[in-house]
Amino acid sequence: MALLMMCASAPLAIAQSGMNAAIDDQYVPRLADIMSTVQLRHMKLWFAGSSPNWELAAYELRRLKAGLVDAASLYPGIPATSVTTMATPVQSIAEAIEAKDRGKFAKTFGELTAGCNGCHQSIGRGFIVMRVPTASPFSDQVFPPQPPK
């Protein structure tokens with residue numbers, strides 16, 4: 001009986017504690033978490049395009065772009081020019097992927113990476129420096145295109 005009364009009073013105790021206020025708040029990921037995901041997409045984009053797995057590269061570019069859009073929309077303190085300067089490199093790499101042009105992909109990936117570093121500089125985070133990946137941390141993913149099964 002004591003256990004039943006204790007369990008019955010738990011919702012009241014939670015309501016009085018203010019714990020339910022967090023339920024009403026919408027989760028907003030930290031900018032660092034969004035950008036860490038963008039960094040993963042940046043690496044995967046490189047390995048996909050270098051393989052060349054154009055379908056995967058297009059997918060990773062869409063995900064990278066979505067992450068940048070999330071960062072800009074959730075964090076209005078990021079200067080608009082920092083975000084808009086990324087549009088040209090993103091479009092250029094999309095065109096390289098569409099053309100299935102490895103040379104253009106490598107060139108535009110470098111431009112994309114430079115755009116990342118320019119954005120970091122513009123928001124006072126110049127100590128975050130991106131580069132073209134040299135080794136894949138994704139030992140569990142196959143990047144070259146696979147024949148249909």
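The values are calculated or read from the model by the stated rules, or taken from the named source; none is laboratory data. Here the structure is a predicted model, which means the values were calculated and not measured. Glycine gets a Cβ as well: all are built from the backbone with ideal geometry, and neighbour counts include every protein chain shown.
Quick notes on this structure:
- Taken together, Glu111, Glu60, Glu95 contain a single residue that is touching a Ser or Thr at 6+ places or on another chain (Cβ under 7 Å), in contact (Cβ under 8 Å) with a residue 12 or more places away in the chain and of a type in the set (D, E, K, R), which is Glu111.
- When the criteria are applied in full, Tyr59 meets the requirement of being under 16 Å from the mean Cα position of the chain (by Cα) and more than 16 Å from Ser36 (Cα to Cα).
- Some residue of region 92-99 being of a type in the set (D, E, K, R), more than 19 Å from Arg131 (Cβ to Cβ) and in contact with a Lys or Arg (Cβ under 9 Å, 6 or more places away or on another chain): yes
- Condition check for Ala96: part of a helix (DSSP H, G or I) and buried (at least 19 other Cβ atoms within 10 Å of the Cβ): yes
- Test result for Pro137, without any contact (Cβ under 8 Å) to a residue 60 or more places away in the chain and exposed (fewer than 13 other Cβ atoms within 10 Å of the Cβ): no
- Selection of region 109-149 for residues being basic (Lys, Arg) and either part of a helix (DSSP H, G or I) or modelled with pLDDT under 95 (or both) yields Arg125, Lys149.
- Close pairs (7 angstrom Cβ cut-off, 6 or more residues apart or separate chains): at positive phi in region 22-38, at pLDDT 95 or above and surrounded by fewer than 10 Cβ atoms within 10 Å (Cβ to Cβ) anywhere: none
- Scanning region 92-133 for residues that are closer than 22 Å to Trp54 by Cβ and of a type in the set (Ser, Thr, Tyr) yields Ser92, Thr108, Thr113.
- When Leu45, Leu68 are checked against the criterion of being surrounded by 14 or more Cβ atoms within 10 Å (Cβ to Cβ), modelled with pLDDT of 95 or more and either closer than 26 Å to Pro29 by Cα or in contact with a Lys or Arg (Cβ under 6 Å, 6 or more places away or on another chain) (or both), Leu45 stands alone in meeting it.
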